[in-house]
Structure formats: C-alpha cells, structure tokens
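A.B. asks: One structure, pasted below without further comment.
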C-alpha cells in the first residue's frame with residue numbers, strides 16, 4: 001500500500017529541530033531508494049573534487065573519519081547517508097550532497113575537532129552525540145565517486161599494528177554494499193529487489209573498494225588520513241575501467 005505520510009512520536013524533551021535532523025536522513029534514504037538511488041549507510045568527503053566514501057557498520061568510525069578530513073580542510077559531502085543517483089554507462093557514479101551537519105560523540109569532538117559539545121544540540125535528549133553544522137564547507141553539487149573505504153578495527157590482540165589498506169574484489173565489495181544499504185534497515189528482504197542488487201553490483205564494478213583497518217586508538221587518526229591520501233595517489237592497473245577483479 002502506498003503512503004504519503006510520515007508519523008513520528010518523539011520522546012519528551014525532543015526539540016523539533018533535533019527531531020528533523022535525526023530522522024531526516026532515514027526518511028530521505030527511503031524516499032530516494034524509491035526513486036532508484038542507491039542509498040548507503042556511509043559518510044563521504046570531497047578530496048580534490050572527488051567523492052571519497054567511508055562505509056561500515058554502526059561504530060566503525062564513519063563520521064569520525066569524515067570529520068578528520070573536514071578538520072584538515074576538505075569538504076564534507078554527506079554524513080551517515082550517501083546517495084548515488086542513477087547514471088549512464090558513460091558517466092561516472094556520483095554522490096549527492098547530504099544534509100549540512102555531522103553527528104559526533106564527545107571523544108571525536110575532542111580528539112578531531114578539539115572542541116566540546118557545549119552549545120551543540122544533541123541528536124536526541126539521551127544521546128551522547130551532537131550535531132555539528134558544516135554549512136561553511138559543503139559542495140553544492142554532486143561529486144564523482146572515486147573510492148569507497150570499508151572501515152574496521154584490528155582486534156585487541158593486534159592493537160600494535162598499523163593502519164592497513166587492502167583492495168576488495170568486486171564480489172566481496174558488492175556484499176559489503178548490500179549489508180550496508182540503508183533500505184535494508186527499513187524494508188528488509190523487500191528492499192533487496194533485482195534493481196537494488198544491480199545498482200550495488202554496478203557501483204562495485206565502476207568504483208574501487210578497499211578495506212581500511214586500524215587500531216581503535218584515536219591517536220592513529222593522522223595515520224588514517226595519510227593512508228587514505230597515499231592510497232588515492234597510488235595508481236593501480238586494477239583501477240582502470242574494465243580492470244576490476246571479478
């Protein structure tokens with residue numbers, strides 16, 4: 001049954017602004033999926049006019065990594081949700097600009113942006129995360145998607161290891177995108193229609209995907225930044241059109 005109404009039942013103490021900022025991402029994800037956009041639970045930044053996405057499960061550090069690039073002078077393209085509109089075969093996939101804010105916890109605010117949460121609205125009354133406006137540095141047009149990084153952590157027995165970046169083959173990358181598709185959270189199996197699967201597969205064939213694994217310590221964030229830039233600047237034969245591993 002088609003619906004044209006969204007009903008929200010906020011807990012006591014939730015402001016209208018926080019309600020919009022928290023739920024706008026989820027509502028937009030479903031609406032854009034219905035319009036044939038690929039919507040992913042990810043954050044993205046602009047680096048030299050190209051979109052770089054960070055994807056992973058809750059707690060993987062997507063917003064923290066995006067805030068690191070933002071603090072270093074890059075544009076925030078989107079936080080928590082990236083949406084790739086349909087594109088023709090001869091046009092590169094693009095990422096649309098998202099809402100102009102980031103959702104960050106106290107540790108990320110302090111370690112990356114060197115500020116407290118004072119004066120910043122909470123995402124919800126009991127949430128430790130705050131809304132950080134990013135109006136001043138956000139592109140006003142879509143950016144071509146250059147690379148996707150799947151974020152993860154070394155386990156406790158390997159905390160001494162460095163930041164590692166490893167290319168992911170197309171089939172595995174497609175499974176990662178499917179598991180981090182926003183629509184799965186709301187529609188479950190109903191969202192995994194053939195068109196949705198095709199959009200994930202096509203994106204993985206056209207955009208390189210790498211696994212980026214790091215220790216949990218915030219002290220390694222500068223190394224994460226350097227590792228991503230080094231990886232972007234390292235040309236690989238498999239990155240050329242038609243050269244992706246299958």
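The values are calculated or read from the model by the stated rules, or taken from the named source; none is laboratory data. Keep in mind the model is a prediction, meaning the values are calculated, not measured. Here Cβ is always computed from backbone atoms with ideal geometry, including for glycine, and neighbour counts include all displayed protein chains.
A.B. asks: In this structure, does residue 166 turn out to be out of contact with any helix residue (DSSP H, G or I) (no Cβ under 8 Å at 6 or more places or on another chain), surrounded by fewer than 20 Cβ atoms within 10 Å (Cβ to Cβ) and modelled with pLDDT of 90 or more?
C.D. replies: Yes.
A.B. asks: Still on this model: Among the candidates 92, 57, 10, single out the residue that is more than 13 Å from the chain's Cα centre (by Cα), in a loop (DSSP other than H, G, I, E, B) and either within 20 Å of residue 141 (Cβ to Cβ) or at pLDDT 85 or above (or both).
C.D. replies: After applying the criteria, what remains is 92.
A.B. asks: Could you tell me which residue of segment 71-89 is modelled with the highest pLDDT, considering only residues that are under 23 Å from residue 121 (Cα atoms) and in a loop (DSSP other than H, G, I, E, B)?
C.D. replies: Ranking the qualifying residues of segment 71-89, first place goes to 79.
A.B. asks: Would you check if there is a residue in segment 189-207 being over 30 Å from residue 36 (Cβ atoms), part of a loop (DSSP other than H, G, I, E, B) and modelled with pLDDT under 80?
C.D. replies: No, segment 189-207 contains no residue that is over 30 Å from residue 36 (Cβ atoms), part of a loop (DSSP other than H, G, I, E, B) and modelled with pLDDT under 80.
A.B. asks: Specify the residue that is nearest to residue 134 (Cα to Cα); the eligible residues are those in segment 74-94 that are free of Cβ contacts under 8 Å to residues at least 40 places away in the same chain and out of contact with any strand residue (DSSP E or B) (no Cβ under 8 Å at 6 or more places or on another chain).
C.D. replies: Looking at residues that are free of Cβ contacts under 8 Å to residues at least 40 places away in the same chain and out of contact with any strand residue (DSSP E or B) (no Cβ under 8 Å at 6 or more places or on another chain), I get 91.
A.B. asks: Scan segment 20-54 for residues that are modelled with pLDDT under 80, over 22 Å from residue 108 (Cα atoms) and surrounded by fewer than 19 Cβ atoms within 10 Å (Cβ to Cβ) and report the count.
C.D. replies: 8
A.B. asks: Right, something else. Do we have residue 122 as closer than 26 Å to residue 230 by Cβ, at pLDDT below 90 and in contact with a strand residue (DSSP E or B) (Cβ under 9 Å, 6 or more places away or on another chain) here?
C.D. replies: So residue 122 fails the test.
A.B. asks: Mind checking whether some residue in segment 114-132 is within 24 Å of residue 177 (Cβ to Cβ) and within 17 Å of the chain's Cα centre (by Cα)?
C.D. replies: no
A.B. asks: Now, a different point. How many of the residues making up segment 122-133 are buried (at least 16 other Cβ atoms within 10 Å of the Cβ) and over 23 Å from residue 52 (Cβ atoms)?
C.D. replies: The total comes to 4.
A.B. asks: Looking at 144, 97, 139 in this structure, which one is in contact with a strand residue (DSSP E or B) (Cβ under 9 Å, 6 or more places away or on another chain), at pLDDT 90 or above, over 21 Å from residue 58 (Cβ atoms) and surrounded by fewer than 17 Cβ atoms within 10 Å (Cβ to Cβ)?
C.D. replies: Step by step, each of 144, 97, 139 is checked, and only 144 is in contact with a strand residue (DSSP E or B) (Cβ under 9 Å, 6 or more places away or on another chain), at pLDDT 90 or above, over 21 Å from residue 58 (Cβ atoms) and surrounded by fewer than 17 Cβ atoms within 10 Å (Cβ to Cβ).
A.B. asks: Separate question: Being surrounded by 15 or more Cβ atoms within 10 Å (Cβ to Cβ) and farther than 21 Å from residue 177 by Cβ: is that true of residue 111 here?
C.D. replies: Yes, satisfied.
A.B. asks: Right, something else. Can you tell me which residues in segment 37-54 are in contact with a helix residue (DSSP H, G or I) (Cβ under 7 Å, 6 or more places away or on another chain), farther than 20 Å from residue 101 by Cβ and not in a strand (DSSP E or B)?
C.D. replies: The answer is none; no residue qualifies.
A.B. asks: I've got another one for you. What tally of residues in segment 221-246 results from selecting those that are surrounded by fewer than 17 Cβ atoms within 10 Å (Cβ to Cβ), in a helix (DSSP H, G or I) and at pLDDT 85 or above?
C.D. replies: 5
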